[in-house]
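In what follows, a structure is listed as structure tokens, so that the remarks can point back to it.
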């Protein structure tokens, strides 16, 4: 590896690390909205449940992307 060049594995690890940090943040958001849901008025629960669903979907997407990055499926993109 020459100066200024990042290996394929390092590129993938940078993205994986970023996605893991995104999921830490989404865990915090899920905790926040779960707490809000427990103490919310019935007419507010649907909106809060939608946010919980959205953050959960975001985490699942990131987990799937991380799984693909650990293999070779996305190597052509780099």
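The values are calculated or read from the model by the stated rules, or taken from the named source; none is laboratory data. This is a predicted model, so every value here is computed, not measured. Every residue, glycine among them, receives a Cβ derived from its backbone with ideal geometry; neighbour counts consider all protein chains shown.
What the table shows:
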{"quantity": "Top-ranked residue in the range 50-78 [being within 20 Å of residue 32 (Cβ to Cβ) and touching a helix residue (DSSP H, G or I) at 6+ places or on another chain (Cβ under 6 Å); ranked as surrounded by the most Cβ atoms within 10 Å (Cβ to Cβ)]", "calculated": "55"}
{"quantity": "Residue match in the range 44-58 (condition: closer than 30 Å to residue 12 by Cβ, free of Cβ contacts under 8 Å to residues at least 12 places away in the same chain and within 9 Å of the chain's Cα centre (by Cα))", "calculated": "yes"}
{"quantity": "Residue list for the range 18-44, filter: at pLDDT below 95 and either part of a helix (DSSP H, G or I) or surrounded by 12 or more Cβ atoms within 10 Å (Cβ to Cβ) (or both)", "calculated": "37, 38, 40, 42, 43, 44"}
{"quantity": "Residue tally, condition in contact (Cβ under 8 Å) with a residue 12 or more places away in the chain and part of a helix (DSSP H, G or I), over the range 64-78", "calculated": "5"}
